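First up is the structure itself, then whatever we jot down about it.
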Amino acid sequence: MSLPLIYHEDYSPAFPPDHRFPMDKFRLLHDHLIDSGLTTDAQLFRPEVCPDDILALAHDPSYIRRYMDGDLSREDQRRLGLPWSEDLARRTVRAVGGSLLTAEKALQHGLACHLAGGTHHAHYDYPAGFCIFNDLAIISHYLLQSGRVDRVLIFDCDVHQGDGTARILEHTDDAITVSLHCEKNFPARKAQSDWDIPLPMGMGDDDYLKVVDDTLNYLLPLYRPDLVLYDAGVDVHKDDALGYLQLTDDGVARRDEAVMRHCLARDIPVMGVIGGGYSKDREALARRHGILHHSAQRVWSSEGL
C-alpha cells in the first residue's frame, strides 16, 4: 500500500487572486505531488464534509450556523480575513472532513498526511487568522469522546502560536497542546498551551532542530499519546512572507522527518497537516508544502509501513 494522502477538489475554490491568503496553494500542491511522481490522482483519498454534530464537539452551534449561512458579524469578518462564499463554506467543512479522514488513516496505518489542514487560530465561537473551524481541536474531541484514543498530543510547528487550539482544549486533560512558534509574531495576545516553546526571531535550521528533538524526546515518553497531530507549517521558512524564522528547505525536511521518526520509533501513529505558508510565488509555496509529503514518503518506505 502507498502512503495515505487526503485531498479534495473543493480545497481551492474561486478566490480573489491578489488576496493575502494563497487559496490556490492546495490545488498547486496536489499538482506538484503528482508531477513529482509521489502519487497519482487515483491514489488520493477524497473526504466527505464534516457533519455539524462533529464540528459542534469543538465549536458553538450558533457560530457554526452563522458561518455556514454567511451571517458573520463585521468584527468576525475582520478577524477572519477571508471573503465569505458558499464555495468557501463547503471547502471549510470538506477540509475538516479531510483532517478527520487523515486521523483515521494514521490510526489504521501508522502515518497519513493531508494536503490541507492546521486551522489552529479558530476559536470556540469565532474565527481568526484565516481559520474558521479548528480541525486539530475537532479531531481531538472526536477521537477522545468516541473512545478511539485515550490521549492525543498536538505538535504544532506552525510559526504562529496555535492559540485557538490551546483555548478550545484548555480543560481537556487528555489532549496535550504543544506549540513551537516565533515569540514575536501573530497572535499578539498568546494563549496558554500545555507546552509553549517561544523561539527567537531569526532562528535557523540546527538550533530549531535541536529544540524539536529535545522536545519530543521529553514529551513523547512523558505522555505516551495514542496519536500525534503534527502541524507542519512552512511559515518557518526563511522565504515566508509572515514568518521571521530562517529555516531552509533542508531544515524543513529534516524537521518533518524527525517528527515522524520520533513518533514511529515509539509506535505512536502520526498524522500531518500542512499548516501555514505564505508567498506571492504560489508554485514555490506549493513545493515547500510538499516537503511534508515527500518526507513522509521517505519515512513510510524506510519503516516498511
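Give me the pairs: first residue in segment 38-65 and closer than 20 Å to Ser85 by Cα, second residue hydroxyl-bearing (Ser, Thr, Tyr) and surrounded by 15 or more Cβ atoms within 10 Å (Cβ to Cβ), beta-carbon distance under 8 Å, and six or more apart or on different chains, which are they?
Matching pairs, first to second residue: Tyr63/Tyr126.
Would you mind stating whether Asp52 is surrounded by fewer than 18 Cβ atoms within 10 Å (Cβ to Cβ) and touching a helix residue (DSSP H, G or I) at 6+ places or on another chain (Cβ under 8 Å)?
Working: surrounded by fewer than 18 Cβ atoms within 10 Å (Cβ to Cβ): yes; touching a helix residue (DSSP H, G or I) at 6+ places or on another chain (Cβ under 8 Å): yes.
The answer is yes for Asp52.
Exactly one condition in (1) under 25 Å from Asp235 (Cβ atoms); (2) basic (Lys, Arg); (3) assigned to a helix (DSSP H, G or I) is false for Arg65; which is it?
It fails just one condition, (1).
Inside segment 263-286, can you point out the residues that are in a helix (DSSP H, G or I) and surrounded by 21 or more Cβ atoms within 10 Å (Cβ to Cβ)?
Kept after step one, since they are in a helix (DSSP H, G or I), are these residues of segment 263-286: 263-265, 282-286.
Listed by number, the residues that qualify are Cys263, Leu285, Ala286.
Quick check on this structure: which one of Val212, Val252 is assigned to a helix (DSSP H, G or I), over 15 Å from Gly290 (Cα atoms) and under 17 Å from the mean Cα position of the chain (by Cα)?
Numbers: Val252 fails: over 15 Å from Gly290 (Cα atoms).
Result of the check over Val212, Val252: Val212.
Please find, within segment 187-206, the residue that is farthest from Pro127 (Cα to Cα) out of those that are surrounded by 14 or more Cβ atoms within 10 Å (Cβ to Cβ) and charged (D, E, K, R). Don't jump to the end; show me each part of the working.
Here is the first cut: in segment 187-206, the ones surrounded by 14 or more Cβ atoms within 10 Å (Cβ to Cβ) are 187, 190-191, 193-197, 199, 203, 205.
Retained after the next criterion (residues that are charged (D, E, K, R)): 190, 194, 196, 205.
Numbers: Lys190: 15, Asp194: 22, Asp196: 22, Asp205: 32 Å.
This residue is Asp205.
Of the residues in segment 150-184, how many are more than 23 Å from Val259 (Cα to Cα) and either surrounded by 20 or more Cβ atoms within 10 Å (Cβ to Cβ) or of a type in the set (Lys, Arg) (or both)?
The first filter runs over segment 150-184 and keeps only residues more than 23 Å from Val259 (Cα to Cα), leaving 167-168, 170-172, 184.
Now drop any that are not either surrounded by 20 or more Cβ atoms within 10 Å (Cβ to Cβ) or of a type in the set (Lys, Arg) (or both), which leaves 167-168, 184.
Here the count works out to 3.
Quick one: how many residues across segment 123-149 are buried (at least 24 other Cβ atoms within 10 Å of the Cβ), of a type in the set (A, V, I, L, M) and in a loop (DSSP other than H, G, I, E, B)?
Count: 1.
Only one of Pro198, Pro225, Pro221, Pro187 is over 13 Å from the mean Cα position of the chain (by Cα) and in a strand (DSSP E or B); which? Explain how you work it out, then say what you get.
Working: Pro225 fails: in a strand (DSSP E or B); Pro221 fails: in a strand (DSSP E or B); Pro187 fails: in a strand (DSSP E or B).
Step by step, each of Pro198, Pro225, Pro221, Pro187 is checked, and only Pro198 is over 13 Å from the mean Cα position of the chain (by Cα) and in a strand (DSSP E or B).
From the residues in segment 70-97 that are out of contact with any helix residue (DSSP H, G or I) (no Cβ under 8 Å at 6 or more places or on another chain) and crowded, with 20+ Cβ neighbours inside 10 Å, which one is farthest from Arg189 (Cα to Cα)?
Within segment 70-97, the match that is farthest from Arg189 (Cα to Cα) is Gly97.
Any read-out appearing in this document is the output of simple, stated calculations on the displayed coordinates, not a laboratory observation. Just so we're clear, the structure is a prediction, and the values are computed from it rather than from any experiment. Cβ: placed from backbone, ideal geometry, glycine included. Neighbour counts: every protein chain shown.
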